[in-house]
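Asker: Okay, here's the structure, questions in a sec.
Just so you know, all these numbers are worked out from the coordinates, no wet-lab data involved. Predicted model, so just to flag it, every value in this text is computed and none were measured. Backbone-built Cβ (ideal geometry, glycine too); neighbour counts: all protein chains shown.
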Amino acid sequence: MDDRIINEFRAITGDAGLFTRPEQLRTYECDGLTNFRVMPAAVVLPSTAEQVQAIVRVCHREGIPFVARGSGTGLSGGALPHKGGIVISLTRLNRILEIDIPNARVVVEPGVINSHVTEQVAPFGYFYAPDPSSQSVCTIGGNVAENAGGAHCLKYGFTTTHVLGMEIVLPDGSLVHIGNKTLDEPGYDLAGVFVGSEGTLGIATKIILRIVKRPEAVQTLLAAFNSPDEAGAAVSAIIAAGILPAAIEMMDRLAIQAAEAAMRAGYPECDGLLLVEIDGPAAECASLMKQIKEICATWGAWELRLAQSETERMTLWKGRKAAFAAMGRVSPNYIVQDGVIPRTALPKVLREIGQLSEAAGLRVANVFHAGDGNLHPLVLYDRSVPGQELAAEELASEILNLCVKAGGSITGEHGVGEEKKKFMSVMFAEPDLDTMQLVRCAFDPTRIANPEKVFPRPRLCAEKTGPYEPHPLETAGVAQLF
Ligand SMILES: Cc1cc2nc3c(=O)[nH]c(=O)nc-3n(C[C@H](O)[C@H](O)[C@H](O)COP(=O)(O)OP(=O)(O)OC[C@H]3O[C@@H](n4cnc5c(N)ncnc54)[C@H](O)[C@@H]3O)c2cc1C
């Protein structure tokens with residue numbers, strides 16, 4: 001990158017806020033999805049929204065692509081740098097600006113770590129509900145961009161339910177405010193548009209969050225089944241009975257083995273393990289838990305273990321929350337897939353995943369948010385075995401196709417990013433994608449904010465929308481559009 005531009009960035013953030021040496025840039029070449037790597041031209045670390053604005057203005061003037069980054073725990077390549085572009089790291093914007101207990105609101109900068117919000121409001125009897133398993137390291141800015149979910153989003157809703165407003169630096173460097181502390185602002189729900197936009201519409205520099213009163217009681221049940229089918233059927237039966245647990249998580253044998261090796265959570269060896277949590281008034285919890293136990297027993301649960309203390313409850317959760325990372329105990333490499341299916345299709349789709357896994361000769365561990373039908377099949381492989389990485393990628397893709405065929409979606413919470421953009425045309429028709437592009441172009445007409453992510457093919461904002469016209473090479477059968 002031109003020295004003139006580097007010096008401009010240095011003038012904005014000072015020496016300590018600019019990385020240009022290869023060994024510094026290496027940290028930023030990928031996110032949690034390490035299959036994709038691109039070295040950025042520079043990494044800029046602003047400390048204020050004004051500095052973010054100044055950096056983005058330079059990018060806009062010079063046509064330099066930028067990628068916002070929180071903690072880099074994303075699993076779809078969302079924070080993957082753009083060749084020749086810069087990364088804007090938001091980790092230094094990490095202040096909690098306001099805690100407004102009477103209105104149950106908290107205002108934060110984007111680099112605040114998810115679990116720090118709950119830590120700050122816990123003394124007042126509140127918590128921040130969206131709880132991705134990565135919550136001890138991921139940022140609120142990254143959660144907003146991905147519309148992050150978590151075990152407790154079944155009852156409390158995803159990030160979008162808890163973000164009421166934002167301050168945003170648009171891709172031309174201007175600063176706008178969308179939403180507010182109050183509900184039902186007139187006009188378009190732009191906060192709803194921004195949440196889940198994966199860094200393609202601008203950079204959030206302040207976020208207004210809704211916090212929730214801690215319930216009087218919480219109960220967590222472990223239920224062990226002989227098959228994922230039985231466990232899946234129990235999940236559907238619990239919801240069909242009109243019960244909305246705070247969380248229902250499921251793990252299969254391989255996931256249990258890995259979690260046990262890493263965390264020793266005391267899980268029994270079984271083929272389908274459920275963690276069911278309910279919360280609310282103590283009397284209601286007692287009555288609902290009785291019903292849940294009965295349903296689980298009806299569907300074949302041979303162990304029903306209710307956590308007897310907060311320590312025991314946290315130990316049960318520790319195993320589940322560490323399950324992705326724990327895969328390193330049973331496999332040198334793995335792909336975390338993220339797809340959604342209708343809850344009632346769980347037993348069928350899990351069986352089909354088993355068949356695909358057998359046909360490919362690769363192990364698949366399943367650990368997921370069963371209540372939401374949000375699957376996380378983990379495809380295990382060994383990169384040092386020639387051809388295995390490609391086979392694992394193919395298997396992970398086939399699993400996604402299964403999800404779409406079952407009436408589900410290509411992502412539940414990890415986003416599209418770089419990894420899944422080719423699947424967007426499996427789920428959406430051209431007019432749908434065109435409409436999304438029009439929204440994107442309204443925010444970012446010069447396409448410098450995280451370009452070439454999310455959408456299956458780059459498109460210029462001036463390009464005419466309308467029915468897709470195939471390229472002559474496609475018509476001739478020489479090239480194929482994904
Ligand atoms: C072990 C593990 C477990 C996980 N479990 C879950 C889970 O349960 N649920 C879940 O939803 N996810 C989960 N994830 C994925 C990941 O943690 C989430 O997607 C998280 O929201 C990413 O936050 P981050 O700060 O790391 O963002 P990054 O990875 O740095 O960035 C993610 C995206 O956000 C954009 N972005 C970052 N900051 C901003 C900003 N201020 N303004 C605009 N765009 C921005 C980036 O450009 C990128 O597109 C898990 C990841 C790991 C490694």
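Asker: Taking H placed 1.01 Å from N in the peptide plane, check which residues at least 5 places from A217 or on another chain put their amide H under 5 Å from its amide H.
Answerer: G280, A282
Asker: Please list 3J(HN,Hα) in residue order for segment 276-288, calculated via the Karplus relation 6.51 cos²θ - 1.76 cosθ + 1.60 where θ = phi - 60°; whole Hz, with x for glycine and proline.
Answerer: Residue by residue, segment 276-288 yields 10, 10, 10, 9, x, x, 4, 5, 5, 4, 4, 5, 5 Hz.
Asker: What trypsin sites (Lys or Arg not before Pro) does segment 21-84 have in DSSP loop regions with at most 16 other beta carbons within 10 Å?
Answerer: Answer in residue order: R37, K83.
Asker: Something else about it: List C296, C138 from most exposed to least, where exposure is judged by having the fewest other Cβ atoms within 10 Å.
Answerer: C138, C296
Asker: In whole Å, what is the distance between the alpha-carbon centres of segment 425-456 and segment 1-46?
Answerer: Their Cα centres are 26 Å away from one another.
Asker: Please determine, in degrees from 0 to 90 and to the nearest 10, the orientation of helix 346-360 with respect to the longest principal axis defined by the Cα atoms of the chain, where the helix direction is its Cα long axis.
Answerer: Approximately 70 degrees, to the nearest 10.
Asker: Could you list which residues have their amide H under 5 Å from that of L18, counting only those 5 or more apart in sequence or on another chain, with H placed in the peptide plane?
Answerer: Excluding prolines and chain starts, which carry no amide H, the hits are L45.
Asker: Take the alpha-carbon centre of segment 166-232, take the same for segment 344-363, and report the distance between them in whole Å.
Answerer: 32 Å
Asker: So which of K348/K421; K318/K453; K181/K453; K181/K213 end up more than 23 Å apart by C-alpha?
Answerer: Beyond 23 Å between Cα atoms: K348/K421; K318/K453; K181/K453.
Asker: For the chain, what is the convex hull volume of its Cα atoms per residue in Å³?
Answerer: Enclosed volume per residue, from the Cα hull, is 162 Å³.
Asker: A further question follows. So what is the calculated 222 nm ellipticity per residue for the chain, using -39500 (n - 2.57) for each DSSP H run with n of 4 or more, over all residues, to the nearest 500 deg cm²/dmol?
Answerer: Rounded to the nearest 500, the figure is -10000 deg cm²/dmol.
Asker: Go through segment 1-110 and name the chymotrypsin sites (Phe, Trp or Tyr not before Pro) that are in a DSSP coil and have 15 or fewer other Cβ atoms within 10 Å of their Cβ.
Answerer: Those that pass, being in a loop and sparsely packed, are F36.
Asker: Another question about this same structure. In terms of the ratio Rg/(2.2 N^0.38 Å) built on C-alpha atoms, what value belongs to segment 159-198?
Answerer: Rounded to two decimals, the normalised Rg is 1.14.
Asker: Separate question: With both partners inside the chain, how many of the DSSP beta bridges are antiparallel, as a percent to the nearest 5?
Answerer: Antiparallel bridges make up about 90 percent of those DSSP assigns within the chain.
Asker: Considering only the other residues whose Cβ falls under 13 Å of the Cβ of N103, what net charge follows from Lys and Arg at +1 and Asp and Glu at -1?
Answerer: After counting each charged neighbour, the total is +2.
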